[in-house]
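To keep things clear, I will list the structure first and then write my remarks on it.
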Amino acid sequence: MHMIKQLLFYIIVLAYCKMASAVQLSALPVEHGASLTPHVQVLLDPQKKLLAADLFNPTHHHSFVKPKKSLTYGYYSGAVWLSFELASEKAQSLILNVQPSFLDDIRLYHFTDKGSIAELNSGDHIAVNQREFKNRHMLLPINLQAGNNQFLMRIETSSAFFVLADLWQPEALTEHLQTINLLYGIVFGLTLLGIVIALICWLWRRQSLFVIAALFISAIGLLNFTLKGFDQVYWYPNSGYWPDHIVGVASFFMGAIIQRFVNCYLLLGRHYPRLSKVVSASEYLWWLGGLASLLGYYPTIVSFAIHYGNLIVISVLIISLVMLKKERQRATLALLTFGANQIALLLMILVNIGGIPSGNWTLHIYPAAAIMQVSFTIFVVLSKLREDERRAQLDIKESQAQKHFYNMMAHELRTPLAVVNSAITNLQLTLNGNQQSQARFTRINAALARLNFLLDNALAENRLSQIEIAPMEESQHLSDFINNIQALMPVSEAHPLSIILPEQSIYFSANQQWLTLAILNLLDNAIKYSPQGGKVELNITVSQQLIRFSVFDSGIGVAETDSQKLFNKHFRSQQMQNTHQISGVGLGLYLVAQVARHHHGSFGYQPTDKGSCFYLEFPLNSAKPNNK
């Protein structure tokens, strides 16, 4: 009795198929891939409750309709049923290639010779090793019998819903897939080349932009690797759980790196600090999204990610256009770098909302955009490297010119200063009994000492830069060294000098000439940058075999933005440049840093409540001098 019912059902279905409009297979160019899209009918299943047996049964009335333009339904969360019929003059085997590769679940239903319904499965939720063809493509075998062959296909996806279905002869499909794989081989090869170039530039220049560029290129490669199903083949061929989550991680990673790249390369922090903070906050949100995707929440946040991602793309475009006024060359390169991806995404948005029909171009627009993005990113990296090299060459030339000028001026002034000093000494001896003139001689000698000190600084920088080994060290008593400092330091009533020494007797090893010059520079800075007067304190402490010289003042302090650059050569803050009463060429603290390095020590700046503190610290190496 059961066999009779099954036979009657089969006869009814065959009659229904005869009445339907079948596609003549002889009219389809299956040797080049024949699109089935114009020949299918569609039924939406928002509740995902329909069964293939019900749809095959002609007594159940379900309205399949022809699609308007293409099989595109935006971000549709239900199931979509496709119905198509193929008329073949003979029995033959073909392959149905369903795209894109990120469709979650694909089920193909057809009748067997015995009248039962057969089901074939594919989709990225089906492990590669469980598919009919064990590769990244969504391939389903089509075994046709002579006559009309009725098929149903059910598709689900959590991403944007658009479907392309092509019918191929096996040999032609193999050649086609080899061409596609060659295209992605170019994408991944170029990606690897870009990463290597960016990392080499980072090793050379040690700038974070090159690391960000390497991460950006990696994100492009990773996104294409996951969207096209390579991850399922090489990383987890036995699992269908991970594809959605890894796509989510790659998408959020891409969004975060794009924002970091824009923020860093276009120098938003310099021109628009508030906008830079907003972009940074958005970037951190995307990193959290990547973490959530890795933990399995991507299906929950995919809608948010898609709409927010579209907003990010538009924002990047607007920011690049705005920055054309500030950084024309960089903004232009940014537009070229991100433009390909923005155009691709815009076209896909139009496809998803039904604005333009989908086609094979929708599948290849992303790898084409990736090739352009990686190429322009490599160009950005190389142009940044060239820019840095040019700046470095200019800095070297400027430094050499300044050094030559300082040396020439210092040497040219030595002779007249020696003559003036000799004349003042003779005049002072001649007027030794005149008490009224002694105060004037004291001021003259202080001014001469100041001028000699500046000349010593100019010459010391050049001499120190030519030293290849640490300066020769001498063991000396701390009190003797301080006495020498006091003798060389001009007395200032407006800036009384207070010296605090440790209670114990201290011997230390250092080059007296260089260290004296460094301490005098610190004291001189304390006086210069305290224009309203105030006490200057030299505090010497010994701790854990380290001796530290700290100079405190009650001056104007240092801006927070300048604190990291204080010890750079020729650096003077904008505040100091605007204060014309405070002279200097930016060599004093640089000299302190050089002396500290030659003594294997450290140096630094610390703000205080009333001013500043600069310190120099190095190993004590205490040893009493040999009295022989």
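Answer with yes or no whether Ser122 is among the small types (Gly, Ala, Ser) and within 24 Å of His32 (Cα to Cα).
Values: among the small types (Gly, Ala, Ser): yes; within 24 Å of His32 (Cα to Cα): yes.
Here the answer is yes, as Ser122 does meet what is asked.
For region 540-565, give me each residue that is over 13 Å from Ser612 (Cβ atoms) and in a strand (DSSP E or B).
Within region 540-565, the first condition is being over 13 Å from Ser612 (Cβ atoms), and the residues that meet it are 540-549, 561, 564-565.
Hits for region 540-565 are Ile540, Thr541, Val542, Ser543, Leu546, Ile547, Arg548, Phe549.
Could you tell me which residue of region 368-383 is most open to solvent (accessible area, probe 1.4 Å), considering only residues that are within 16 Å of the chain's Cα centre (by Cα) and closer than 18 Å to Ser208 by Cβ?
Leu382
Name the pairs: first residue in region 402-425 and at negative phi, second residue open to solvent by 60 Å² or more (accessible area, probe 1.4 Å), Cβ to Cβ under 6 Å, at least 6 apart or on different chains?
Correct list of pairs: Ile424/Ile444.
Is there a residue being outside any helix (DSSP H, G or I), modelled with pLDDT of 70 or more and open to solvent by 70 Å² or more (accessible area, probe 1.4 Å) anywhere in region 425-435?
Taking region 425-435 as the starting set, the residues that turn out to be outside any helix (DSSP H, G or I) are 431-434.
So of that shortlist, the ones also modelled with pLDDT of 70 or more come out as 431-432.
Okay, now just the ones that are also open to solvent by 70 Å² or more (accessible area, probe 1.4 Å), so 432.
Yes, because at least one residue in region 425-435 is outside any helix (DSSP H, G or I), modelled with pLDDT of 70 or more and open to solvent by 70 Å² or more (accessible area, probe 1.4 Å).
Within region 64-161, which strands (runs of 3 or more DSSP E) (wholly inside it) include 1 or more residues that are among the polar types (S, T, N, Q) and under 41 Å from the mean Cα position of the chain (by Cα)? It would help to see each step written out before you state the result.
Details: elements: 71-74, 79-88, 92-99, 105-111, 117-122, 138-144, 147-156.
Because the criterion is at least 1 residues that are among the polar types (S, T, N, Q) and under 41 Å from the mean Cα position of the chain (by Cα), the strands (runs of 3 or more DSSP E) in region 64-161 that meet it are 71-74, 92-99, 117-122.
Which one of Asn626, Asn568 is assigned to a loop (DSSP other than H, G, I, E, B) and at pLDDT 75 or above? Talk me through it step by step, then tell me what you get.
On the way: Asn626 fails: at pLDDT 75 or above.
Answer to the selection: Asn568.
Table: residues versus (1) touching a Cys at 6+ places or on another chain (Cβ under 8 Å); (2) open to solvent by 60 Å² or more (accessible area, probe 1.4 Å); (3) modelled with pLDDT under 85.
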residue: Leu497; (1), (2), (3): no, yes, no
residue: Tyr507; (1), (2), (3): no, no, no
residue: Leu523; (1), (2), (3): no, no, no
residue: Tyr529; (1), (2), (3): no, no, yes
residue: Gln532; (1), (2), (3): no, yes, yes
residue: Glu537; (1), (2), (3): no, no, no
residue: Ser543; (1), (2), (3): no, yes, no
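Taking region 64-77 as the region of interest, how many residues are without any contact (Cβ under 8 Å) to a residue 60 or more places away in the chain and open to solvent by 90 Å² or more (accessible area, probe 1.4 Å)? Break it down stepwise before answering.
Within region 64-77, the first condition is being without any contact (Cβ under 8 Å) to a residue 60 or more places away in the chain, and the residues that meet it are 64-67.
Cutting the leftovers down to open to solvent by 90 Å² or more (accessible area, probe 1.4 Å) gives us 66.
So the answer is 1.
Let me spell it out: the conditions are (1) out of contact with any Pro (no Cβ under 6 Å at 6 or more places or on another chain); (2) over 18 Å from Val247 (Cα atoms); (3) in contact (Cβ under 8 Å) with a residue 12 or more places away in the chain; (4) not small (Gly, Ala, Ser), and Ile126 meets all of them except one. Which number is the exception?
Failing condition for Ile126: (2).
Looking for something closer than 21 Å to Thr377 by Cβ, over 15 Å from the mean Cα position of the chain (by Cα) and small (Gly, Ala, Ser) - is there at least one such residue anywhere in region 203-216? Break it down stepwise before answering.
Filtering region 203-216 for residues closer than 21 Å to Thr377 by Cβ gives 203-216.
This time we only want the ones that are over 15 Å from the mean Cα position of the chain (by Cα), so: 203-205.
Adding the requirement that they be small (Gly, Ala, Ser) leaves none.
So far as region 203-216 goes, no, none of its residues is closer than 21 Å to Thr377 by Cβ, over 15 Å from the mean Cα position of the chain (by Cα) and small (Gly, Ala, Ser).
Here's a check for you: in region 204-238, which residue that is touching a residue at least 12 places away in the same chain (Cβ under 8 Å) and among the charged types (D, E, K, R) is most open to solvent (accessible area, probe 1.4 Å)?
Step one: of region 204-238, the residues touching a residue at least 12 places away in the same chain (Cβ under 8 Å) are 204-205, 207-233, 236-238.
The next check asks that each one be among the charged types (D, E, K, R); those that pass are 205, 228, 231.
Values: Arg205: 70, Lys228: 25, Asp231: 1 Å².
Out of the qualifying residues, it is Arg205.
Among the residues of region 487-535, which ones are in a helix (DSSP H, G or I) and of a type in the set (Val, Ile, Thr)? Step through it out loud before you land on a result.
Within region 487-535, the first condition is being in a helix (DSSP H, G or I), and the residues that meet it are 487-488, 512-528.
Answer for region 487-535, where residues must be in a helix (DSSP H, G or I) and of a type in the set (Val, Ile, Thr): Thr516, Ile519, Ile527.
Picking from Ile258, Ile312, which residue would you name as being among the aliphatic types (A, V, I, L, M) and modelled with pLDDT under 90? Reasoning before the result, please.
Details: Ile258 fails: modelled with pLDDT under 90.
So the residue among Ile258, Ile312 that is among the aliphatic types (A, V, I, L, M) and modelled with pLDDT under 90 is Ile312.
Residue under question is Ile246, and the condition is that it be closer than 18 Å to Tyr366 by Cα, of a type in the set (Val, Ile, Thr), open to solvent by 10 Å² or more (accessible area, probe 1.4 Å) and touching a helix residue (DSSP H, G or I) at 6+ places or on another chain (Cβ under 9 Å); does it hold? It would help to see each step written out before you state the result.
Details: closer than 18 Å to Tyr366 by Cα: yes; of a type in the set (Val, Ile, Thr): yes; open to solvent by 10 Å² or more (accessible area, probe 1.4 Å): yes; touching a helix residue (DSSP H, G or I) at 6+ places or on another chain (Cβ under 9 Å): yes.
Yes, satisfied.
For region 262-275, give me each residue that is open to solvent by 10 Å² or more (accessible area, probe 1.4 Å) and within 14 Å of the chain's Cα centre (by Cα). Before you say what the answer is, go through the steps one by one.
As a first pass, look at region 262-275 and keep what is open to solvent by 10 Å² or more (accessible area, probe 1.4 Å): 263-265, 267, 269-275.
Result: Asn263, Cys264, Tyr265, Leu267.
The values are calculated or read from the model by the stated rules, or taken from the named source; none is laboratory data. Keep in mind it's a predicted model, so treat the numbers as computed, not measured. Note that we place each Cβ from the backbone using ideal geometry, even for glycine, and neighbour counts take in every protein chain shown. For accessibility, only protein heavy atoms count, side chains too; no ligands or nucleic acids. Shrake-Rupley method; radii C 1.70, N 1.55, O 1.52, S 1.80 Å.
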